[in-house]
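Following: one structure in structure tokens, then a few remarks.
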Amino acid sequence: MKLPDLVDMVALRGAAQGLSLRAHRPAAAQMHGPHRSARLGRGLEFEEVRLYAAGDDARVIDWRVTARRGRAHSKVYREERGRPVWIVADLHAGLYFGSRCQLKSVMLLRSAALLAWVAAMGGDRLGAVITDGGATARIVPPRAREAGVLQVLQTLVQAQPSAPGPAGPSRLALALSTLRPLVQAGSLILVLSDFAGLDQSSEDSLSWLSTRNDCRCLWLTDPLEAAGLPAGAHRVGLPGRLWWMDGDASRAAWQANWAKREQGLNNLAQRLRLPLVRLDTTAALPDALITVLKEPKWAA
């Protein structure tokens with residue numbers, strides 16, 4: 001199986017044309033970059049007045065226009081400099097798995113590459129925090145234009161797993177805790193993970209990050225994880241630790257465990273008001289992200 005290389009990642013630049021990472025709701029912190037914001041802060045310039053939208057800050061309502069037209073209107077501001085966009089990639093060995101079209105690790109790299117190019121074309125500064133099972137996370141400081149993208153893509157290619165292995169339960173927590181002292185308020189944070197290592201530490205970091213930034217979660221999944229094994233006997237596990245499992249006998253417990261995990265992640269996204277987008281290994285890129293980049297589905 002051929003794993004993505006830098007050439008493959010650069011080729012996704014064309015697919016990024018016409019896509020955007022623009023925010024569809026105001027973050028708790030001031031938004032940065034060439035993106036519309038309903039938040040007034042240092043360095044923001046007035047751009048236009050538009051109809052009031054749910055979630056707009058009451059402090060930016062234009063009361064004169066509202067009184068004249070009889071309907072609430074908000075002022076919109078734009079900041080000149082590019083905002084930081086952080087890609088958080090949870091590249092543990094457990095992602096070297098896929099029952100259909102591609103490995104979950106391949107889906108992560110392709111998704112990250114597309115997002116990186118979209119960010120750069122939108123004038124943002126791109127950085128990354130990447131974990132690969134090691135004791136420390138790889139950090140790529142935010143940089144603008146193509147130079148920033150290529151550094152992130154090269155680091156992702158180097159960090160991707162090349163063989164199956166157990167998921168490190170603390171890798172996601174490590175990535176998020178590494179990002180906390182680095183991130184500038186108002187950044188866009190894109191977390192790519194299968195969230196198999198989601199724990200209390202991860203949830204605490206997500207809560208902290210999401211109150212200060214525009215944070216979005218992209219959940220990597222495979223159909224086998226939800227459906228369970230087909231009928232018959234199957235050898236499962238990791239090299240050196242394989243055992244036989246009956247598909248029919250194991251399916252109920254398998255699906256119950258998956259439903260519990262899915263519900264827990266959905267509950268977390270709703271509680272923190274985090275956009276949660278599911279990327280399945282059966283979906284080709286850029287199709288899997290087109291809807292996300294045009295009209296993100298925000299958690300209720």
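Just need a number here: residues in the range 181-196 that are within 16 Å of the chain's Cα centre (by Cα) and at pLDDT 90 or above.
Residues that pass the stated criteria total 10.
When you go through G134, G123 one by one, which is the residue that is surrounded by fewer than 17 Cβ atoms within 10 Å (Cβ to Cβ), of a type outside the set (S, T, N, Q) and closer than 17 Å to Y96 by Cβ?
On the way: G123 fails: closer than 17 Å to Y96 by Cβ.
From the options G134, G123, the qualifying one is G134.
Considering only residues that are in a strand (DSSP E or B) and of a type in the set (S, T, Y), which ones fall in the range 109-147? Even if it seems obvious, please write down each step before you answer.
Of all residues in the range 109-147, those in a strand (DSSP E or B) come to 125-131, 138-144.
Selection gives T131 alone.
State which residue pairs qualify: first residue on the phi > 0 side of the Ramachandran plot and inside the range 175-198, second residue assigned to a helix (DSSP H, G or I) and surrounded by fewer than 24 Cβ atoms within 10 Å (Cβ to Cβ) in any location, beta carbons under 6 Å apart, and separation of 6 or more residues or different chains.
F195/L265
Conditions: (1) over 25 Å from A283 (Cα atoms); (2) open to solvent by less than 30 Å² (accessible area, probe 1.4 Å); (3) in contact (Cβ under 8 Å) with a residue 40 or more places away in the chain; (4) in contact with a Leu (Cβ under 9 Å, 6 or more places away or on another chain). S205 meets all but one. Number of the miss?
All conditions are met except number (3).
Considering the range 253-296 alone, what residues qualify as being of a type in the set (A, V, I, L, M), part of a helix (DSSP H, G or I) and either modelled with pLDDT of 85 or more or within 25 Å of the chain's Cα centre (by Cα) (or both)? Spell out how you get there, then give the answer.
Step one: filter the range 253-296 for residues of a type in the set (A, V, I, L, M), giving 253, 256, 259, 265, 268-269, 272, 274, 276-277, 279, 283-285, 288-290, 292-293.
Restricting the remaining residues to those that are part of a helix (DSSP H, G or I) gives 253, 256, 259, 265, 268-269, 272, 288-290, 292-293.
Matches in the range 253-296: A256, A259, L265, L268, A269, L272, A288, L289, I290, V292, L293.
Quickly run through the range 177-202 and pick out the residues that are assigned to a helix (DSSP H, G or I) and touching a Leu at 6+ places or on another chain (Cβ under 6 Å).
In the first step, residues of the range 177-202 are kept if they are assigned to a helix (DSSP H, G or I); the result is 177-179, 200-202.
Matches in the range 177-202: S202 only.
Could you tell me how many of the residues in the range 230-246 are touching a residue at least 60 places away in the same chain (Cβ under 8 Å) and open to solvent by 80 Å² or more (accessible area, probe 1.4 Å)?
In the first step, residues of the range 230-246 are kept if they are touching a residue at least 60 places away in the same chain (Cβ under 8 Å); the result is 238-239.
From the residues that got through so far, the ones that are open to solvent by 80 Å² or more (accessible area, probe 1.4 Å) too are 239.
Result for the range 230-246: 1.
Does the range 96-120 hold any residues that are in contact with a Ser or Thr (Cβ under 9 Å, 6 or more places away or on another chain) and farther than 26 Å from P239 by Cβ, and which are they?
Passing the criteria: only V118.
Tell me yes or no: at least one residue of the range 103-117 is open to solvent by 20 Å² or more (accessible area, probe 1.4 Å) and β-branched (V, I, T).
First, pick out the residues of the range 103-117 that are open to solvent by 20 Å² or more (accessible area, probe 1.4 Å): 110.
Restricting the remaining residues to those that are β-branched (V, I, T) gives none.
There is no residue in the range 103-117 that is open to solvent by 20 Å² or more (accessible area, probe 1.4 Å) and β-branched (V, I, T).
Within the range 236-249, does at least one residue satisfy the condition of being closer than 30 Å to A185 by Cβ and either touching a helix residue (DSSP H, G or I) at 6+ places or on another chain (Cβ under 9 Å) or of a type in the set (D, E, K, R) (or both)?
As a first pass, look at the range 236-249 and keep what is closer than 30 Å to A185 by Cβ: none.
Within the range 236-249, not a single residue is closer than 30 Å to A185 by Cβ and either touching a helix residue (DSSP H, G or I) at 6+ places or on another chain (Cβ under 9 Å) or of a type in the set (D, E, K, R) (or both).
Please go through the range 260-276 and pick out each residue that is out of contact with any helix residue (DSSP H, G or I) (no Cβ under 8 Å at 6 or more places or on another chain) and open to solvent by less than 70 Å² (accessible area, probe 1.4 Å).
Within the range 260-276, the subset out of contact with any helix residue (DSSP H, G or I) (no Cβ under 8 Å at 6 or more places or on another chain) is 260-261, 263-267, 269-271.
Within the range 260-276, G264, L265, N266, N267, A269 meet the criteria.
Of these, A185, A227, A256, A249, which one is among the aliphatic types (A, V, I, L, M), open to solvent by 10 Å² or more (accessible area, probe 1.4 Å), under 26 Å from V106 (Cβ atoms) and out of contact with any Gly (no Cβ under 9 Å at 6 or more places or on another chain)? If you could, list the steps in order and put the result at the bottom.
Values: A185 fails: under 26 Å from V106 (Cβ atoms); A256 fails: under 26 Å from V106 (Cβ atoms); A249 fails: under 26 Å from V106 (Cβ atoms).
Exactly one residue qualifies, and that residue is A227.
Out of D214, D246, which single residue is acidic (D, E) and at pLDDT 80 or above?
On the way: D246 fails: at pLDDT 80 or above.
After applying the criteria, what remains is D214.
The values are calculated or read from the model by the stated rules, or taken from the named source; none is laboratory data. A quick note: this is a predicted structure, and the numbers were derived from the prediction, not measured. All Cβ positions, even for glycine, are placed from backbone atoms using ideal geometry, and neighbour counts span all protein chains on display. Protein only, heavy atoms only, side chains kept; ligands, DNA and RNA dropped before computing areas. Shrake-Rupley method; radii C 1.70, N 1.55, O 1.52, S 1.80 Å.
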